[in-house]
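Read the structure below first, then the notes.
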Amino acid sequence: MSKSEIRRLDREIEKTMKNLEAVRRGEWWPLNGSERRALARALAGGAYQISRGRSAGRAEQRMDTTGSAAELRLNAELTALYGERQRLITEAARAKAAKKSSSWW
């Protein structure tokens, strides 16, 4: 495979790593729509509970669960990208070795 595809995968890996770090810091911008909605629901529910004088423990737990699910999703993406990158590198090395062995000198 060409080096441009490997570079493209490297850019995707960097982007996913940035997103993962942002999720670990508690930022919302790398989350997808359903994760954002779940966090907003938990935040609103917790605010309602607090305004009623009750504990927001369950809402906090839901927010933590949503954050860890997003982290898990990004880790899975990262693992898949690394696997694809390794496959491309192996394929390129195999093609290069076959080309060298088929030449006369």
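What percentage of the solvent-accessible surface of the chain, computed with a 1.4 Å probe over protein heavy atoms, is contributed by carbon and sulfur atoms?
Carbon with sulfur: 56 percent of the solvent-accessible area.
How large is ³J(HN,Hα) for each residue in the stretch 29-41, as worked out from phi by the Karplus curve 6.51 cos²θ - 1.76 cosθ + 1.60 (θ = phi - 60°), to whole Hz, x for Gly and Pro?
Going residue by residue, I get 4, x, 6, 7, x, 5, 5, 4, 4, 5, 5, 5, 4 Hz, with x marking Gly and Pro.
Per residue of the stretch 68-85, what does 6.51 cos²θ - 1.76 cosθ + 1.60 with θ = phi - 60° give for ³J(HN,Hα)? Whole Hz please, x for Gly and Pro, Karplus curve as stated.
So the Karplus estimates, Gly and Pro as x, are 6, 5, 5, 5, 5, 4, 5, 5, 5, 4, 4, 4, 5, 5, 5, x, 5, 4 Hz.
Rg and Dmax of the stretch 19-58, using alpha carbons, in Å: what are they?
Final numbers for Rg and Dmax: 12.2, 36 Å.
How much length would be gained if the chain were fully extended between Glu77 and Tyr48, taking 0.36 nm per residue of separation minus their Cα-Cα distance, in nm to one decimal?
6.9 nm
Show log10 I(q)/I(0) for the chain at q = 0.11, 0.18, 0.24 Å⁻¹, two decimals, from a solvent-free Debye sum over equal Cα scatterers.
-0.52, -0.87, -1.16
Could you tell me how many degrees, from 0 to 90 and to the nearest 10, lie between the Cα long axis of helix 3-25 and the main elongation axis, the longest principal axis, of the Cα atoms of the chain?
Roughly 20 degrees between the two axes.
So if we plug the beta-carbon distance of Ser4 and Gln61 into 1/(1 + (r/R0)^6) with R0 = 30 Å, what FRET efficiency do we get, rounded to 0.05?
E(calc), rounded to 0.05, equals 0.10.
State in Å² the accessible area per residue of the stretch 1-84; use a 1.4 Å probe, count heavy atoms of protein chains only, and round to the nearest integer.
69
The values are calculated or read from the model by the stated rules, or taken from the named source; none is laboratory data. Everything quoted here is computed from the prediction, not taken from an experiment. Positions of Cβ are generated from backbone atoms using ideal geometry, with glycine treated the same way; all protein chains shown enter the neighbour counts. SASA here: full protein model, heavy atoms, side chains in, ligands and nucleic acids out. Shrake-Rupley method; radii C 1.70, N 1.55, O 1.52, S 1.80 Å.
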